[in-house]
There are 2 protein chains.
Amino acid sequence: MTTPTTSSSSTYAIGIDFGGTSVKLGRVLPDGTIAARTSFPTVGMGVDAWLDAVEAAVPALLEGIPADARFAGIGVGVPGFVDFDTGFVYDLANVPGWASVPLAERLRSRFPAAPHVVIENDVNAMAAGECAIGAGAAYRDAVFVTLGTGVGGAILINHKLYRGAHSMAGEIGHISIDRNGPQTATGKGGVEQYVGNRQIVKHALDLLATAPASTLLDQVPDRDPAQLTPRHISAAAEAGDALALRVFDDVADCLATMLASVAYTIQPEAFIIGGGVANAGEILFDPLRRHLNERLSPYFSERLTLRPATLGADAGLIGCAMLALQA
Amino acid sequence: MTTPTTSSSSTYAIGIDFGGTSVKLGRVLPDGTIAARTSFPTVGMGVDAWLDAVEAAVPALLEGIPADARFAGIGVGVPGFVDFDTGFVYDLANVPGWASVPLAERLRSRFPAAPHVVIENDVNAMAAGECAIGAGAAYRDAVFVTLGTGVGGAILINHKLYRGAHSMAGEIGHISIDRNGPQTATGKGGVEQYVGNRQIVKHALDLLATAPASTLLDQVPDRDPAQLTPRHISAAAEAGDALALRVFDDVADCLATMLASVAYTIQPEAFIIGGGVANAGEILFDPLRRHLNERLSPYFSERLTLRPATLGADAGLIGCAMLALQA
């Protein structure tokens, strides 16, 4: 792609954040700067079409780079189970046609000049970004949590991602908070059955049936319950609506139960929390800290920090590239 | 104590396993052999009396050792919170008078010839023994579980004990399996509130009130419910008693809920399970494997082994000494 040199000032990697609705690509520098970016929609795209689209998108990212710029490689974050060591994608739960894909191998054949091609789980990629230049940079041992459709996690041990025996560690959304809770393919009572976006909305609507005085629907276009999102609920909570505050208190208590279990298991220094629901800020973090302290021995709670993630929607893109730069 | 040499064939360490009722001491060789052993009762013993008793007990362990034997150090396993790096005991929950004790420092002043003095949590010590020469030796990433009065854990990552950010990782007995479960100082619904020795007995007696045909009490002296222990329940289960089998199935399901949470968090290769309740053998392991498989995605369950510990009551003694030998 370019002639490799030893000049680190113009080193770059291509990060590819493979999301459920769009694929974001960026040329990322070692300090985390996204020097160029582009994207294309994911919808209904099989492996070959995806590779074609990536190959077509990359040249625009490289316009105007110095002639001696060093290409470090390509990092991809994917929403599913991956073998990091081999770059093999087992399964992307929400993207049809993506099962048993040797993605690193397929990408290497498209980009033979790439010194490294790394494939990582999307939450691990986000964590890699947060710990390279974001909220996690200050910690040796931390756990990253993303709150969205589900609950994802990534574990940092001794400044490095810890992937477990088979690259799948950090699936903290499946941690049970009720051994007799709802049954799914991953167990019973997994915390994401209570605090995923849809579950939060359903919980609010259930409560609304018994609290008609709530101002919750004032936040929603046409007061249409079908359009309610967690963002409306956090806005109502900020305006002091009791029902909305109750919803976030319940969400926080469910999350605190799971986080306490993680803390007792590996005792991190910090939980770094990102994703859409975390945008609620102190509406979430205040009850979360309180419930977590209630659920932990002081030996643990006094030695544990809870922090919002700082890179926002770019964490994954930056993190994928960082993994290639560090490879 | 002796003149250090480089001869590893006659190297030894003193292991001290500080239990709630007795303190076991041993001279342990690098292959895990306990070359000599002794013990004294713990009961009501403060720090100074304990140090006196240790100092008095050690000479007998050293009788007849080769003149050139190399003393590697002393390792102590204690039942409570410890800072491994400094050898500081924060608190032993069940041993009065043992809070804020700089135990390594105190031992060094009694045994100035010891090249190393290491203080470790008792479950970590057991795990160190099992992974040096027992059931854990085959694994890089494993979790050790002890079942007794409570539930303890220790985490092996990359062949080494992982102690977390502040030496307290592995407190898996406090992992919640019901966010609205019984409240204790360490949270709500911690698994040891369901599967500790006393809770198992209570659960069996509760069931017995509704199942008078059970043969459970046939196992117990004088058919006295007050003398019932988990061992009687496992004997009744082996004899086919439906109530006793139900008790072990419930215990297994509670444990499986917790183990699944640990597996989703750090994905070990194996769980190594020891302690009194684990002596029930397949009466426990059979339903435990079944419930764990029900509660895990196949990506996890197919890559996970469940094994009994193999060193029995000596695991802690051997493990403490191994930590000193490896220091």
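The values are calculated or read from the model by the stated rules, or taken from the named source; none is laboratory data. All of these numbers come straight from a predicted model, not from anything done at the bench. Cβ atoms come from the backbone with ideal geometry, glycine included; neighbour counts cover every protein chain shown. Accessible surface is based on the protein model in full, side chains and every heavy atom, while ligands, DNA and RNA are left aside. Shrake-Rupley method; radii C 1.70, N 1.55, O 1.52, S 1.80 Å.
Quick rundown of the values:
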{"item": "Candidates B:ALA56, B:ALA35, filtered to the one that is free of Cβ contacts under 8 Å to residues at least 12 places away in the same chain and surrounded by fewer than 17 Cβ atoms within 10 Å (Cβ to Cβ)", "result": "B:ALA56"}
{"item": "Qualifying residues in region A:242-252 (those that are more than 21 Å from the chain's Cα centre (by Cα) and within 14 Å of chain B (Cβ to nearest Cβ)) - the one most open to solvent (accessible area, probe 1.4 Å)", "result": "A:ASP249"}
{"item": "Region B:21-48, subset over 18 Å from B:ILE74 (Cα atoms) and of a type in the set (A, V, I, L, M, F, W, C), residue modelled with the highest pLDDT", "result": "B:MET45"}
{"item": "Unmet requirement for A:TYR194, which otherwise passes all of (1) within 11 Å of chain B (Cβ to nearest Cβ); (2) open to solvent by 10 Å² or more (accessible area, probe 1.4 Å); (3) of a type outside the set (D, E, K, R); (4) without any contact (Cβ under 8 Å) to a residue 60 or more places away in the chain", "result": "(4)"}
{"item": "Near pairs, Cβ below 6 angstrom, 6+ apart or cross-chain, from region B:103-131 (outside the structural domain of B:ALA270 (by TED's automatic domain parsing) and within 15 Å of B:ALA72 (Cβ to Cβ)) to any residue that is part of a helix (DSSP H, G or I) and of a type in the set (Lys, Arg)", "result": "B:VAL117/B:ARG108"}
{"item": "Positions within region A:128-152 being over 23 Å from A:PHE81 (Cβ atoms) and of a type in the set (Val, Ile, Thr), in sequence order", "result": "A:ILE133"}
{"item": "Extreme residue, farthest from B:ALA278 (Cα to Cα), among residues of region B:215-251 that are out of contact with any helix residue (DSSP H, G or I) (no Cβ under 9 Å at 6 or more places or on another chain) and among the aliphatic types (A, V, I, L, M)", "result": "B:ALA226"}
{"item": "Subset of region B:122-146 (residues that are buried (at least 24 other Cβ atoms within 10 Å of the Cβ) and either within 9 Å of the chain's Cα centre (by Cα) or of a type in the set (Phe, Trp, Tyr) (or both))", "result": "B:ASP122, B:VAL123, B:ASN124, B:ALA125, B:MET126, B:ALA127, B:PHE144, B:VAL145, B:THR146"}
{"item": "Enumeration of residues in region A:218-231 that are surrounded by 19 or more Cβ atoms within 10 Å (Cβ to Cβ) and of a type outside the set (S, T, N, Q)", "result": "A:LEU228, A:PRO230"}
{"item": "Helices (runs of 4 or more DSSP H) lying entirely in region B:211-327 (those with 1 or more residues that are touching a strand residue (DSSP E or B) at 6+ places or on another chain (Cβ under 7 Å))", "result": "B:242-266, B:282-295, B:298-301, B:315-326"}
{"item": "When residues of region A:270-298 are limited to those that are at the interface with chain B (Cβ under 9 Å from one of its Cβ atoms) and crowded, with 18+ Cβ neighbours inside 10 Å, the one farthest from A:ILE200 (Cα to Cα)", "result": "A:SER297"}
{"item": "Some residue of region A:170-182 being at pLDDT 95 or above and surrounded by fewer than 14 Cβ atoms within 10 Å (Cβ to Cβ)", "result": "yes"}
{"item": "Members of region A:71-91 that are at pLDDT 95 or above, open to solvent by 10 Å² or more (accessible area, probe 1.4 Å) and not β-branched (Val, Ile, Thr)", "result": "A:PHE88"}
{"item": "A:PRO41 being closer than 23 Å to A:GLY129 by Cα and without any contact (Cβ under 8 Å) to a residue 40 or more places away in the chain", "result": "yes"}
{"item": "Residue match in region B:293-301 (condition: small (Gly, Ala, Ser) and touching a Phe, Trp or Tyr at 6+ places or on another chain (Cβ under 8 Å))", "result": "no"}
{"item": "Leading residue by the ranking (nearest to B:PRO298 (Cα to Cα)) among those in region A:146-180 that are in contact with a strand residue (DSSP E or B) (Cβ under 6 Å, 6 or more places away or on another chain) and more than 9 Å from every other protein chain (Cβ to nearest Cβ)", "result": "A:GLY152"}
{"item": "Count of region A:299-327 residues which are among the hydrophobic types (A, V, I, L, M, F, W, C), open to solvent by 30 Å² or more (accessible area, probe 1.4 Å) and out of contact with any helix residue (DSSP H, G or I) (no Cβ under 7 Å at 6 or more places or on another chain)", "result": "3"}
{"item": "Residue within region A:232-241 that is under 30 Å from B:VAL123 (Cα atoms) and open to solvent by 10 Å² or more (accessible area, probe 1.4 Å) present", "result": "no"}
{"item": "Residue check for A:THR265: among the polar types (S, T, N, Q), within 14 Å of another protein chain (Cβ to nearest Cβ), open to solvent by less than 10 Å² (accessible area, probe 1.4 Å) and more than 21 Å from A:TYR139 (Cβ to Cβ)", "result": "no"}
